[in-house]
1. Modelled label-to-label distance, C5 and V97, 7 Å Cα→beta-carbon offset: nm?
2. State, as an integer percentage, the relative contact order of segment 30-115 based on alpha-carbon contacts under 8 Å between residues 6 or more apart.
3. For the chain, set up a Gaussian network in which alpha carbons nearer than 10 Å are linked by springs, and say which option among A75, A36, A24 fluctuates the most.
4. Quickly estimate the mean residue ellipticity at 222 nm for the chain, helices only: each DSSP H run with n ≥ 4 gives -39500 (n - 2.57), and the total goes over all residues, rounded to 500.
5. Separation between the A37 and L110 pseudo-spin-labels, each 7 Å from Cα along Cα→Cβ, expressed in nm?
6. Run the paramagnetic zone check for T23: 7 angstrom along Cα to Cβ, then residues of segment 55-80 with backbone nitrogen under 19 Å.
7. How big is the Cα convex hull of segment 6-106 in projection, averaged over all directions, in nm²?
8. Loop by DSSP (not H, G, I, E, B), at most 14 other beta-carbon atoms within 10 Å: where is the longest site-free stretch of the chain for trypsin sites (Lys or Arg not before Pro)?
Amino acid sequence: MDNNCLFCRIVAGEIPATVVHETATTLAFRDIDPKAAVHVLVIPKEHHPDVVALATNDPAGSADLLAAAAAVAEAEGLRTDGFRLLFNTGAYAGQEVFHVHAHLLGGEPLGPMLA
Ligand code: 5GP
Ligand code: ZN
């Protein structure tokens, strides 16, 4: 755990979050500032700064994260209409919290991302 990391502190229960799904290795909770009707953040419990570090250092954890995201999409009823799953990676891409997190967005029409 990184004591200076917001999401490590959520995993540790030091900061409250609305948890929607949990496994031995992952946690999913609602984004505090949702950008869609459904906006859930899916994270590994272990600290990795971004998705490249996670993929490089913990391939099994990467698979766990995708499986958790799929389970949340199913549980939130997003499979019918579709959803977006994305990783902001690096400051240029708008990453603000450097504990890897997948944004799961849906529950409304999202339109083309790069329009
Ligand atoms: P990033 O820009 O790093 O990809 O996304 C960080 C996300 O974390 C943002 O969507 C932001 O709203 C969310 N966030 C920031 N602080 C908190 C918090 O304390 N709790 C929750 N649930 N989400 C947070
Ligand atoms: Zn962390």
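1. In this crude label model, C5 to V97 measures out at 1.2 nm.
2. Working: 107 pairs, mean separation 38.8, N = 86.
Once divided by the residue count of segment 30-115, the mean separation gives 45 percent.
3. Its mean-square fluctuation being the largest, the pick is A24.
4. Numbers: 3 runs with 30 residues, N = 115.
Theoretical 222 nm ellipticity from helices: -7500 deg cm²/dmol.
5. Rounded to a tenth, the inter-label distance reads 1.4 nm.
6. The answer is 55-79.
7. Taking a quarter of the hull surface, the average projection is 6.0 nm².
8. That would be 36-78.
Taken together, the values in this text are just the output of simple stated rules run on the coordinates, not laboratory data. Everything quoted here is computed from the prediction, not taken from an experiment. Neighbour counts run over all protein chains shown; Cβ positions are idealised from the backbone, glycine included.
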